[in-house]
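A short write-up of the structure that comes next.
The values are calculated or read from the model by the stated rules, or taken from the named source; none is laboratory data. The shown structure was predicted, so the numbers you read here are calculated from the model rather than taken from an experiment. With ideal geometry, Cβ positions are generated from the backbone for all residues, glycine too; neighbour counts draw on all protein chains shown.
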């Protein structure tokens, strides 16, 4: 992400930090709570030890100016070489609450499976009936400022509020935890969701900056954001309309706006075939497109997306994802969700082309509301200091500079790791009804990468951005992760 001298200085800083962290005592962590619980995994009773605490991280050599939070679950008496799955959410500025209570934690919050069903006033915690602890131990990381972590008054916010610094802080925390628990030789897998996928990719390099001996066995990207620069819907970014069309088709099918019979997954496939050929060519031609061809493409877009041909003709064959949220169910007076388009909200009569808040936000709040009770169940006496969300104040530095020639090659560390290690593997999953990180963007990421076909796996789920809010998708996702880790460890 940085060129020339800037990159050199970053590497030097990384080596210095590696030395500082490598020499840090294992007792530097602060333990907030420790508990044990017997859980049922695959019909067998298993004793699980849980730790909650913080670990110091540094923005410069000898300058521990922040902490990262962690919650770990380990099988009691498990081998030191047992696989470890490191997991975190994104934001930036989100704790690991959603992954913990939605999919991977000891307890689970189930939400109603009918999108228009009312949500409970108080979410219910229940033991997770599909735990990954049969396959790997779990380490959830809360970046500085989130969870129980902290940023000191003198913390270097420019460092921690940057893609590189954020990943390096997480890498320091992971290595410190591994050293403290004698797990430095455990097969290491990193799972990130949403912005966390950028952190995941950057950590492949950052872990080696912290300790050159550290190796990552595989990474898992849920709702990937690595190619958001290429797929963001700037008005003249024609690729963005191409990669979004399969998602629009799946959503339109779900809401009954396409010809019947209609299957969302097949509708997405049909849209993808059209998007990469006739649609891409029409957008490329722009004002030079022949009137008859424009008419034909507009009609096909209407058949695929549920938006009228007249709309497409009037808007240069384009509709943004935000405009689609407003237009698809305009006649019904509804706006579809951004993070999960199966959910809808009433549309205000004076609503403009962009509408918020998101209809799915109430589901996210179920996890947020349940986190204090979950922490108490894990032995935390006072969970009030746990920050579920702590958005960065000011802008976030994604790397690069203001030059129009700047690149943001977030996938590079993964591609390099796959090239060097034939056993390194990549898992990418997306929700069919996710309007933020779309299935088309994920396919485009892989199509433009050089990761060998044998080293990656791409999955789609009939759900939204938080795919595990759908129970069937949650169980399938857990099975996929279990198989991914088990296959990698077997090698």
Based on what the data block shows, is residue 354 under 30 Å from residue 31 (Cα atoms) and assigned to a loop (DSSP other than H, G, I, E, B)? no
What number of residues in region 341-392 are over 26 Å from residue 319 (Cβ atoms) and more than 20 Å from the chain's Cα centre (by Cα)? 17
Answer with yes or no whether residue 310 is modelled with pLDDT under 95 and either farther than 30 Å from residue 118 by Cβ or surrounded by fewer than 19 Cβ atoms within 10 Å (Cβ to Cβ) (or both). no
Which of (1) buried (at least 18 other Cβ atoms within 10 Å of the Cβ); (2) out of contact with any strand residue (DSSP E or B) (no Cβ under 7 Å at 6 or more places or on another chain); (3) outside the structural domain of residue 279 (by TED's automatic domain parsing) is the odd one out, the single condition residue 304 does not satisfy? (3)
Boolean, residue 168 is outside any helix (DSSP H, G or I), surrounded by 24 or more Cβ atoms within 10 Å (Cβ to Cβ) and at pLDDT 95 or above: no
Residue set 323, 295, 272; condition in contact (Cβ under 8 Å) with a residue 60 or more places away in the chain and in a helix (DSSP H, G or I); output residue 272
So residue 28, is it surrounded by 15 or more Cβ atoms within 10 Å (Cβ to Cβ) and at pLDDT below 85: yes
Long-range neighbours under 6 Å by Cβ, at least six apart or interchain, first residue under 10 Å from residue 187 (Cα atoms) within region 73-86, second surrounded by fewer than 21 Cβ atoms within 10 Å (Cβ to Cβ) and at pLDDT below 90: 83/489
Looking for something over 23 Å from residue 242 (Cα atoms) and either over 14 Å from the mean Cα position of the chain (by Cα) or assigned to a strand (DSSP E or B) (or both) - is there at least one such residue anywhere in region 429-447? no
Confirm whether residue 391 is part of a loop (DSSP other than H, G, I, E, B), in contact with a helix residue (DSSP H, G or I) (Cβ under 6 Å, 6 or more places away or on another chain) and touching a residue at least 12 places away in the same chain (Cβ under 8 Å). no
Being more than 30 Å from residue 359 (Cα to Cα) and touching a strand residue (DSSP E or B) at 6+ places or on another chain (Cβ under 8 Å) narrows it down to one of 466, 485, so name that one. 485
Of everything in region 404-428, what is more than 24 Å from residue 482 (Cβ to Cβ) and assigned to a loop (DSSP other than H, G, I, E, B)? Give them in sequence order. 404, 405, 406, 407, 408, 409, 410, 411
Look at region 126-158 and say how many of its residues are outside any loop (DSSP other than H, G, I, E, B) and within 18 Å of residue 88 (Cβ to Cβ). 9
Can you find a residue that is part of a helix (DSSP H, G or I), without any contact (Cβ under 8 Å) to a residue 24 or more places away in the chain, in contact with a helix residue (DSSP H, G or I) (Cβ under 7 Å, 6 or more places away or on another chain) and crowded, with 17+ Cβ neighbours inside 10 Å anywhere in region 255-265? no
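Residues checked against (1) modelled with pLDDT of 95 or more; (2) surrounded by fewer than 23 Cβ atoms within 10 Å (Cβ to Cβ):
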{"residue": "151", "(1), (2)": "yes, yes"}
{"residue": "189", "(1), (2)": "yes, no"}
{"residue": "201", "(1), (2)": "yes, no"}
{"residue": "214", "(1), (2)": "no, yes"}
{"residue": "223", "(1), (2)": "yes, no"}
Got at least one residue in region 396-414 being surrounded by 17 or more Cβ atoms within 10 Å (Cβ to Cβ), more than 23 Å from residue 143 (Cα to Cα) and touching a helix residue (DSSP H, G or I) at 6+ places or on another chain (Cβ under 8 Å)? no
Being more than 16 Å from the chain's Cα centre (by Cα), under 26 Å from residue 337 (Cβ atoms) and part of a helix (DSSP H, G or I) is the filter here, so list the residues in region 448-478 that pass it. 471, 472, 475, 476
Can you name every residue in region 129-144 that is in contact with a helix residue (DSSP H, G or I) (Cβ under 7 Å, 6 or more places away or on another chain) and within 17 Å of residue 65 (Cβ to Cβ)? 143, 144
Does residue 123 meet the test of being touching a helix residue (DSSP H, G or I) at 6+ places or on another chain (Cβ under 9 Å), assigned by TED's automatic domain parsing to the domain that holds residue 199 and part of a loop (DSSP other than H, G, I, E, B)? yes
Checked against (1) at pLDDT 95 or above; (2) under 19 Å from residue 377 (Cβ atoms); (3) not in a strand (DSSP E or B), residue 108 satisfies every condition except (3)
Search region 452-465 for residues that are more than 9 Å from residue 431 (Cα to Cα) and outside the structural domain of residue 269 (by TED's automatic domain parsing) and pair each with any residue that is in a strand (DSSP E or B) and at pLDDT below 95 when their beta-carbon atoms are under 9 Å apart and the residues are at least 6 apart or on different chains. none
Check on residue 155, surrounded by fewer than 19 Cβ atoms within 10 Å (Cβ to Cβ), more than 20 Å from the chain's Cα centre (by Cα) and within 21 Å of residue 386 (Cβ to Cβ): no
Output the residue which, of all residues in region 460-476 that are surrounded by fewer than 24 Cβ atoms within 10 Å (Cβ to Cβ) and touching a helix residue (DSSP H, G or I) at 6+ places or on another chain (Cβ under 6 Å), is nearest to residue 84 (Cα to Cα). 474
Would you mind stating whether residue 319 is modelled with pLDDT of 95 or more and under 20 Å from residue 351 (Cβ atoms)? yes
